[in-house]
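Novice: Here it is, the structure in full.
The values are calculated or read from the model by the stated rules, or taken from the named source; none is laboratory data. Because the structure is a prediction, the values reported are computed rather than measured. So basically every Cβ, Gly included, is an ideal-geometry build from the backbone, and we count neighbours across all protein chains shown. Each accessible area value is taken on the protein alone, full model and side chains, heavy atoms only, with ligands, DNA and RNA left out. Shrake-Rupley method; radii C 1.70, N 1.55, O 1.52, S 1.80 Å.
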Amino acid sequence: MLDFAIRYLNVLKTDLAGLNLTNILDQDEFYHKQILDSINPYLQSELFQKEVQKRGVVVDVGFGGGFPILPLAKLLPDIKFVGVESKRKKVDAVKLIADKLGLTNVKLVHSRLEDFIFDRPATITFKAVGTIQDYLPIINRTTSDISVFLYKGPNFMELEGDMIKKLEKDWKLLENQEIKVPGTQQRFLVSFAAQNVPRGTSKTLVKLSDFL
């Protein structure tokens, strides 16, 4: 993955110079804080591995500069990845990066989470800033075969623990696992499973199935 990190960083510094997709441009720091921080949760969590392999589809919401979706797509070439991002410039930039890095298992969508519907089984990832209360209640779905993995900092339970109780009707906490990433702050991988039969929606939404 080190060679992948070097090529990724080169695209950021040349083709996308000035776009500010990340402020981490030192090679060693980029490798640890962006690449390893993206893939180590998968490498260290047996539950994450099981859920991804079972469904074969990962949807990364709010991927920003391409993390964790592109490093995970490199790590897992047989898995389909769909990225959902509300900022068009980031979608276009990360498409360019994916093309430059030869990642053929990635599709990127310009959409907001609330305008997207999970009509097929999937594992969802969030690395974006925000609370579980910001994300879980607005996930539209017509299937109960959904799991969610959030990349969180060390104070997750202190800041968001009380939200788990409020969401338990629809989402069951599966795991809150510490992840070790050299050279970065303490990381936790927090996972939830959909609890019930999803409610219908009358909105016209962007379908996951359209990108598979």
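Novice: How would you order 99-105, 39-45 from highest to lowest mean count of nearby Cβ atoms within 10 Å?
Specialist: 39-45, 99-105
Novice: Kirkwood-based Rg over Rh for the stretch 80-175 (C-alpha set), two decimals?
Specialist: On the way: Rg = 14.9 Å, Rh = 15.0 Å.
Taking Rg over the Kirkwood Rh, I get 0.99.
Novice: Can I ask one more? Enter the accessible area per residue of the chain (Å², integer; probe 1.4 Å; all protein chains in place).
Specialist: 48 Å²
Novice: What's the Kirkwood radius of the stretch 59-130 in Å, using all Cα pairs?
Specialist: 12.1 Å
Novice: Provide the percentage of antiparallel DSSP beta bridges, counting only those with both residues in the chain; round to the nearest 5.
Specialist: Around 40 percent antiparallel, to the nearest 5.
Novice: State which entries of Lys74/Lys107; Lys100/Lys207; Lys13/Lys152; Lys13/Lys33 exceed 20 angstrom in Cα-Cα distance in the structure shown. Mind showing how you got there, number by number?
Specialist: Working: Lys74/Lys107 13 Å; Lys100/Lys207 27 Å; Lys13/Lys152 28 Å; Lys13/Lys33 17 Å.
From Lys74/Lys107; Lys100/Lys207; Lys13/Lys152; Lys13/Lys33, over 20 Å: Lys100/Lys207; Lys13/Lys152.
Novice: Tabulate in residue order the Karplus-calculated ³J(HN,Hα) for the stretch 51-67, using 6.51 cos²θ - 1.76 cosθ + 1.60 with θ = phi - 60°, rounded to whole Hz; enter x for Gly and Pro.
Specialist: 5, 5, 5, 5, 9, x, 9, 10, 10, 9, 9, x, 6, x, x, x, 10
Novice: Students often get this wrong, so try it: which of (1) 9; (2) 15; (3) 33 is percent of Cα pairs over 31 Å apart as calculated from the structure shown?
Specialist: (2)
Novice: Could you work out the local net charge near Gln195, counting Lys and Arg as +1, Asp and Glu as -1, over the other residues with Cβ closer than 10 Å to its Cβ?
Specialist: Net local charge, Gln195 excluded: 0.
Novice: If you rank Met1, Met163, Met157 by how much accessible surface each has, with a 1.4 Å probe, what is the order from largest down?
Specialist: Numbers: Met1 70, Met163 35, Met157 95 Å².
Solvent-accessible surface, decreasing: Met157, Met1, Met163.
Novice: Follow-up. Quick check on packing: order 3-16, 82-95 by the mean number of other C-beta atoms within 10 Å, highest mean leading.
Specialist: So the order, starting with the most tightly packed, is 82-95, 3-16.
Novice: ³J(HN,Hα) across the stretch 181-196 via Karplus (A = 6.51, B = -1.76, C = 1.60, θ = phi - 60°), whole Hz, x for Gly/Pro?
Specialist: Result, rounded to whole Hz: 10, x, x, 10, 5, 4, 10, 10, 10, 10, 10, 9, 10, 5, 9, 9.
Novice: Now, a different point. Any chance you could get the radius of gyration and Dmax over the Cα atoms of the stretch 129-212, in Å?
Specialist: Cα radius of gyration and Dmax of the stretch 129-212 are 14.6, 47 Å respectively.
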